[in-house]
Each structure stands twice: as C-alpha cells, then as structure tokens.
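Please read the structure below before turning to the comments.
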Amino acid sequence: MAETTHGALAPTYHPLPITIARAHGTHVWDTDGNEFLDFLAGYSALNFGHLHQGLVAAAMTQLRQVTLTSRAFDHDRLEEFAQRLVEVVGPLTTGGENSLVVPMNTGAEAVETAIKAVRKWGYDVRGVPEDQATVVVAGGNFHGRTTTLAGLSDNPTVRDGFGPFTPGFRQVPFGDLGAVADAVDDTTVAVLMEPVQGEAGVVVPPDDFWPGLRELTTKQNIALVADEIQSGLGRTGTTLACELWDVRPDLVCLGKALGGGIVPVSAVVGKPEILGVLTPGTHGSTFGGNPLACAVGIAALDLLATGQYQARAAASGKVLKERLDALVERGLLTGARTIGLWAGVDLDPAFGTGRDLCEALLERGVLAKDTHDATIRLSPPLSIVQPELEMALDILEESLVALRGERSGEDPTAEPDDADEATADAADEAPSDPTDIATAAAPDVDTTGEGTDERSELSPTAS
C-alpha cells in the first residue's frame, strides 16, 4: 500500500495512544500484541464483553440469510425483536405488556425519536398549541451530538459553534426537583433526563429525585422519558437504572448494549398512547430494525432475561465501590461515585488531569477514558470476574500513587493527614448508594471465575 502523506480522518477525536487490532471478552490487544484490560467497554456498548460467542453466532447466522430490507417490507425478525423488548423492558415502563417499540440505530436517534413522539402526543392528545411544546431537560446532560441534542447541552465543547439550536427546551439543575416543578407549565409535554449522568462523570441524583419526577409528571399529565442508553441493560445492577428508585418511566431510550458491541441498535420502548401517535410517514429509518440488528438485539435481550448479568454487575459493583472509597479515604482520589459496575472518579488537579491518569493506566495495561478535566469513568464489561477487577483496581491505585509522587514529591504511602481524615469522615457520612438496593436484591453470583463455565466462554484465550 502506498505511504500516506496525511491522515484522512477529520480531527473529531483525541484518542489515547493505542491502536487496537484484536479483542475478546474483557481484553484487547494492540497492533504490537500488547494486552490490555478494557475498563471502558465502549461506554457500555460492550456490556457483554468483546465478541460474546452467543452474540457473534446470532450475527453470523443472520448474515447468511438477510441483512437489510428497509421498512418498506416486513422481515421475519422484526416483530420478534419488538416482542422481546416488550417482554424484557415493557414491564419496567408504564406501557407494561402493551408497550410499543420504535426501532432505530444510534442512541441519539432514539432520543430524537422520543422528542418527536412526546411533541406530537402533546399536540394531538394533550391539546398543546401547535409549535409551543416544551421539554424540561437537565444541566450536565449528554443525549447525543445531533444539532438538536447539542443544543440541550451546557458543555461548551459539545455546544459552541453549532447554533442556532432547536427551541422548546428548558434546562434545570440535575437532581433539583423544585427547579423541575418551576419549569413546568401548560406547554410542557415531557421531562427528559438520564437516570444517572454518564458523560458528566457518573453523577447520581438524590434518592428522592426520580420518585419525585414520577409523582410530578403523573400529576401534571406530562411524559417522563428516561435516557437509559448508557445506564440501561445491566450496567447499574438492574435492567434499567430507574428500577433502583422503583420508578417506571413512560418512555425509555435504549442503545449501546442493545447491539452487543457488534452493530448499532437502539429503540424507544413504552406507553402506547404516546408512541402510537407516530403513524406511517411521520417517522422512520432506513436501517432501523434491520434483520441483522434485530437478530443481535434479540440475542442480547436473551442474555439479560436471565438476570445473570445484572446480578454480576451488582456483586462486582460492591467490590468496585469498596476499593474506590478506600482510595478516597487515602487521599488518592478526591471523590468517587459508584452505581452498579459503573464509577466516576475525581483526581486532585494538583496531581494531574483525567487524561494523565488514563495515560498512566494505559502504560500499565488498563483502558479507561477521561471526562471533564480531572474525572475518569470506569465501566468494564459486566462479564468481568473478580481477579480481573481486583487487578485493574490495583493498577489504578498504582497509577494514582505514581502521579501523586511525580507531582508532589511526597511519600504516597505515608499516613493520611488531617485533610485526608476529614475526607474519610465525609465519605462515612455520605448518603447511601442506591446500588445497595440492587446488591441486596441480587442472587448470589460467582464473580471469582471459579465454578462457572462462563469464565472460559468469555476468556480472551478461549478457542
């Protein structure tokens, strides 16, 4: 191949200095054959790990039959996919067993679909004056990068330079129920929020926030829409994060893990009174609900239907929380928020940026991603076993010690000072993590890798 003189990719990403050539289970290998533990899992798109054999088999079987028909015609996997979503996710929404499904491709498309649906429902059913519908959203959100969704963001990197933006949205602080109530009026058709804000650094709201949203929106006849594209499908130790607060949204947006890390698959699931307003010609997608996507999506939902992955996330998440809290107590982290097998950790800016920490982890064989200056996210595949989890957390500790030593010249093994003790006391007094609900309800799960054939199936060395 002729030598290239410049990179052909537009500079829309600033990736870590690694080029991945192969992956399996919880591990990836770069082009030089170096092995790494994946602690990002494609922002939860790889909840089941890389190349899960059942998902790959479903894709390969479908590839030999039909991959795309467009929605101009039905195909034999479409209704099966929709029914499986209704069985697994429908009861977790107010649509119940009568839920409807709109299949799409990407998470952003799912959110855009939900916005269109609640607006049309507001006009056709609620009687909101045409073009006056409003939707309440949260500060710190990340719903996608389309021009409409970028307009909902308060992150300058996402937003600046891409206006003018779509009107009709009111932003309030995340977790502030009073602010939501103040933003609602007769034109409000929906409250759209992430149960847990992933891009913001795994920010968990107060325990009364989602129950309060449900009560408020029900009373005002407003749709409650949960963007569970990152938080859903097992990540928080439950099928949906909303379950942690015993809340059923009217619509839920799904994506990422629904495609098993193989193809982009997304969907909106929920109340038929809302999704039923989308009639032929009012919405659609060439690739949405294609046979290949449906086949993989069905296989992913079958994995979730057993509850095994949710239970693994809850059990492993307890270990993750204990280890991260200990790092906060030692002063190696300034904060850690854990929910299920998902965490946002804050590094003292005096010791480096989130990027610095990710590069230190990379050097030691662990992949993670920074967000918002001195914060990184941890979201390993739900298939991870305890020895792998402990190893990665040991490496995190080692990396933090190294960064602290490089920047301060202090002995990182010294006893904590008064400031460290105050941090530890504050951690002890912090409100309970809703993850505890999932952990308490989860069945006993072997996360050690012993006594289970799943470890061998998901192992990167499996044949």
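Leaving ligands, DNA and RNA out of it, work out the accessible area of W29 with a 1.4 Å probe and give it in Å² to the nearest 10.
Probe radius 1.4 Å; accessible area of W29 about 20 Å².
Would you indicate which of (1) 24, 50, 21, 5, 0; (2) 19, 39, 32, 10, 0; (3) 24, 57, 18, 0 is the value of P(r) over Cα pairs in 20 Å bins from 0, in percent derived from the coordinates of this structure?
Derived directly from the coordinates: (3).
Going by amide H atoms built from the backbone, whose H comes under 5 Å of the H on T371, apart from near neighbours?
Sorted by chain and number, the residues that satisfy this are I376, R377.
Keeping the other protein chains in place, figure out the carbon and sulfur percent of the accessible area of region 1-130, with a 1.4 Å probe.
55 percent
Sort region 160-200 into rounded, prolate or oblate with this rule: let a ≥ b ≥ c be the square roots of the eigenvalues of the Cα gyration tensor; rounded if a/c is under 1.5, and if a/c is not under 1.5, prolate when a/b is larger than b/c, oblate otherwise. Intermediate results must be reported in sequence, preceding the final value.
On the way: a/c = 2.15, a/b = 1.13, b/c = 1.90.
Since a/c reaches 1.5 but b/c is at least a/b, the shape of region 160-200 is classed as oblate.
When the Kirkwood radius is taken over all Cα pairs of region 128-199, what Stokes-Einstein diffusion coefficient follows at 25 °C and 0.890 mPa s, in µm²/s?
193 µm²/s
In angstroms, what radius of gyration and Dmax does region 243-347 have, counting Cα atoms only?
Rg, Dmax (Cα atoms, Å): 18.6, 59.
Give, to the nearest whole percent, the P(r) tail of region 61-218 beyond 21 angstrom, counting all Cα pairs.
Numbers: 6964 of 12403 pairs.
Tail of P(r) above 21 Å: 56 percent of Cα pairs.
Would you kindly derive the ³J(HN,Hα) couplings of region 189-205 from the backbone phi angles with the Karplus curve 6.51 cos²θ - 1.76 cosθ + 1.60 (θ = phi - 60°), listing them in order in whole Hz, with x for Gly and Pro?
9, 7, 10, 10, 8, 7, x, 10, 8, x, 4, 6, x, 6, 8, 9, x
Determine the per residue accessible area of the chain with all protein chains present and a 1.4 angstrom probe, expressed in square angstrom.
Working: 20090 Å² over 463 residues.
Accessible surface, normalised per residue, equals 43 Å².
Quick one: pull the percent of accessible area on region 271-364 belonging to carbon and sulfur, 1.4 Å probe, ligands and nucleic acids left out.
The computed percentage sits at 54.
With a 10 Å radius around each residue's Cβ, average the other Cβ atoms per peptide and rank 42-51, 383-392, 147-156, highest first. Please list the in-between numbers first.
Numbers: 42-51: 23.8, 383-392: 19.9, 147-156: 17.7.
Going by the mean number of other Cβ atoms within 10 Å, highest first, we get 42-51, 383-392, 147-156.
Run the count for the chain, please: Lys pairs, Cα-Cα under 21 angstrom, 8 or more apart or on different chains.
Lysine pair count for the chain: 7.
State the percentage of accessible surface on region 150-193 attributable to carbon and sulfur atoms; use a 1.4 Å probe and exclude ligands, DNA and RNA. List each step's numbers first, then the result.
Working: 1110 of 2130 Å².
Carbon-and-sulfur percentage of accessible area, whole number: 52.
To the nearest Å, what is the center-to-center distance of region 238-307 and region 324-364, using C-alpha atoms only?
Region 238-307 and region 324-364 have Cα centres separated by 32 Å.
Please give me the summed charge of the neighbours of V252: other residues whose Cβ is under 12 Å from its Cβ, Lys and Arg +1, Asp and Glu -1. Intermediate values should be presented prior to the final figure.
On the way: positive: R248, K271; negative: E194, D227, E228, E243, D250.
Result for the neighbourhood of V252: -3.
The values are calculated or read from the model by the stated rules, or taken from the named source; none is laboratory data. The model shown is predicted, which means the values in this text are computed figures rather than measured ones. A quick note on method: Cβ atoms are made from the backbone with ideal geometry, for glycine too, and the neighbour counts reach across all protein chains shown. With ligands, DNA and RNA removed, areas are computed over all heavy atoms of the protein, side chains included. Shrake-Rupley method; radii C 1.70, N 1.55, O 1.52, S 1.80 Å.
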